[in-house]
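Asker: Attaching a single structure in structure tokens format; questions to follow.
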Amino acid sequence: VQLQASGGGLVQAGESLRLSCRGSGIVFGLYTMNWYRQPPGNQREWVAGITGGGMTNYADSVKGRFTISRDNAKNTVYLQMNVLKPEDTAVYFCKAISVTGLYDYWGQGTLVTVSS
């Protein structure tokens, strides 16, 4: 199983980025996909999730600015991040959780840096 995240970078406050995470080795549509982030010196926190059927949920800190989506045909989940703030600076990780909850897999992180 491999989850390959990409799309991070350095942007200014107010700008946008789109992260992608492509999965392999799993039946992608059977997994709830999540994005987490870990700010410098802080613990990892959940950001957003999307079920195989497309139901979404967001942390309050990103609601209205971030949008999670998925393309099951491409085995890919996306995180569109708009109106970025310096406090969004973090390493972003994707995580796949099986519908049974028995299996979960992490991708490697992608760094997002937002300058003020």
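The values are calculated or read from the model by the stated rules, or taken from the named source; none is laboratory data. These figures come from a predicted structure and were not determined experimentally. Heads up, the Cβs are rebuilt from the backbone with ideal geometry, glycines too, and the neighbour counts pull from every protein chain shown. For accessibility, only protein heavy atoms count, side chains too; no ligands or nucleic acids. Shrake-Rupley method; radii C 1.70, N 1.55, O 1.52, S 1.80 Å.
Asker: Do any trypsin sites (Lys or Arg not before Pro) in the range 1-104 lie in a loop, going by DSSP, with at most 11 other beta-carbon atoms within 10 Å of their beta carbon, and if so which?
Answerer: LYS63
Asker: Roughly what would the spin-label model give for GLN108 and SER20, points 7 Å off Cα along C-beta, in nm?
Answerer: 1.7
Asker: Which translational diffusion coefficient, to the nearest whole µm²/s, is obtained for the range 1-53 from the Stokes-Einstein equation, given a Kirkwood hydrodynamic radius over C-alpha pairs, 10 °C and 1.306 mPa s?
Answerer: Answer, rounded: 121 µm²/s.
Asker: Leaving out ligands and nucleic acids, note down the accessible area per residue over the chain with a 1.4 angstrom probe, in whole Å².
Answerer: Ligands and nucleic acids excluded, the result is 51 Å² per residue.
Asker: Which percent, nearest 5, of DSSP beta bridges in the chain are antiparallel?
Answerer: About 90 percent, rounded to the nearest 5.
Asker: Summarise the accessible area of the range 52-99 (1.4 Å probe, protein heavy atoms) by the percent that is carbon and sulfur.
Answerer: 52
Asker: Something else about it: List the aspartates and glutamates whose Cα lies under 17 Å from the Cα of LYS85, skipping any in the same chain that are fewer than 8 positions away.
Answerer: GLU15, GLU45, ASP60
Asker: On to the next question. Apply the Karplus curve 6.51 cos²θ - 1.76 cosθ + 1.60, θ = phi - 60°, to the phi angles in the range 73-85 and return the couplings in whole Hz, x for Gly and Pro.
Answerer: 5, 9, 6, 9, 10, 10, 9, 8, 10, 10, 6, 5, 10
Asker: Computed on alpha carbon atoms, what radius of gyration and Dmax characterise the chain, expressed in Å?
Answerer: 13.3, 42
Asker: I would also like to ask the following. Assuming R0 = 41 Å, what is the FRET efficiency of VAL1 and SER116, from their Cβ-Cβ distance, to the nearest 0.05?
Answerer: 0.60
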